[in-house]
1. May I ask you to list the residues in the range 61-85 that are in a helix (DSSP H, G or I) and of a type outside the set (Asp, Glu)?
2. Suppose the filter is modelled with pLDDT of 80 or more, surrounded by fewer than 16 Cβ atoms within 10 Å (Cβ to Cβ) and on the phi < 0 side of the Ramachandran plot; does Ala150 pass it?
3. For the list (1) at pLDDT 90 or above; (2) loosely packed, with under 15 Cβ neighbours inside 10 Å; (3) farther than 30 Å from Trp179 by Cα, I need the number of the one condition that Glu61 fails.
4. Here is a list of conditions, (1) at pLDDT below 85; (2) in contact with a strand residue (DSSP E or B) (Cβ under 9 Å, 6 or more places away or on another chain); (3) within 30 Å of Val5 (Cβ to Cβ), and Val129 meets all of them except one; can you say which number that is?
Amino acid sequence: MYQDVLIPTDGSDGTRQSISHGLTIADRFDATIHALSVVPEGPLGTLQNGTATPAAYRAVERIESEATREGIETVTAVERGVPHEEILEYADEHDIDMIVMGTQGRTGLDRVLVGSVTERVVRMADVPVVTVRLTDDIRIEDAEEAEKIAREALAAEETGIDAGDLTVLEDPHRTSASWIVPLETDSKTVHVHVDALTGETRVARRDS
């Protein structure tokens, strides 16, 4: 069923669980592991520094080492570009049957970006994507609670807006470990991401 399993990695300790999960799947189906690390360029190029490329190679070598100990065949690759685009392109070019990804990377900005990359891959991939939560249990499981948090966050950020007056364009849905709540004000539409683990919010998109 699954002959080639792709594990994208950013080299952080937070990817530990997604690597373990991917190796377990590969062992179960006698599949080949593809370990891919992307050195960000384009919109994410500001994250790049002199250590980015060596770190990417260490990240895939870590997976290769663990897979070898388990007797699992491994292919490694390091690419440069926009992370989700490179992941999707690699999956297409190498006939990947499944992608296994973590929902969070390091901390701070990297944490947001890795979650964003995973969400894009989930939406756009033509093959199954297994997402692995890398922190504590989901705290916000109910769509109504996510909506309430999103309303209050947007009302606090925008002056002159009452949380109760906001229109929900469609039911909130959860992708990876975030709720996406589309809201409409008198002048714009706003997508608010609510972290299902922490309850933290961020405005993901605004349309005038």
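1. Arg62, Ile63, Ser65, Ala67, Thr68, Arg69, Pro83, His84
2. no
3. (2)
4. Condition (1) is where Val129 drops out.
To keep it simple, each residue is scored yes or no on (1) outside the structural domain of Ala91 (by TED's automatic domain parsing); (2) at pLDDT below 70; (3) touching an Asp or Glu at 6+ places or on another chain (Cβ under 9 Å).
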| position | (1), (2), (3) |
| --- | --- |
| Thr107 | no, yes, no |
| Arg111 | no, yes, no |
| Val114 | no, yes, yes |
| Glu158 | yes, no, no |
| Ile161 | yes, no, yes |
| Asp165 | yes, no, yes |
| Asp186 | yes, no, yes |
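The values are calculated or read from the model by the stated rules, or taken from the named source; none is laboratory data. As the structure is a computational prediction, the values presented were derived from the model and not from experiment. Methodologically, a virtual Cβ is constructed for each residue, glycine included, from the backbone with ideal geometry; neighbour enumeration extends over all protein chains shown.
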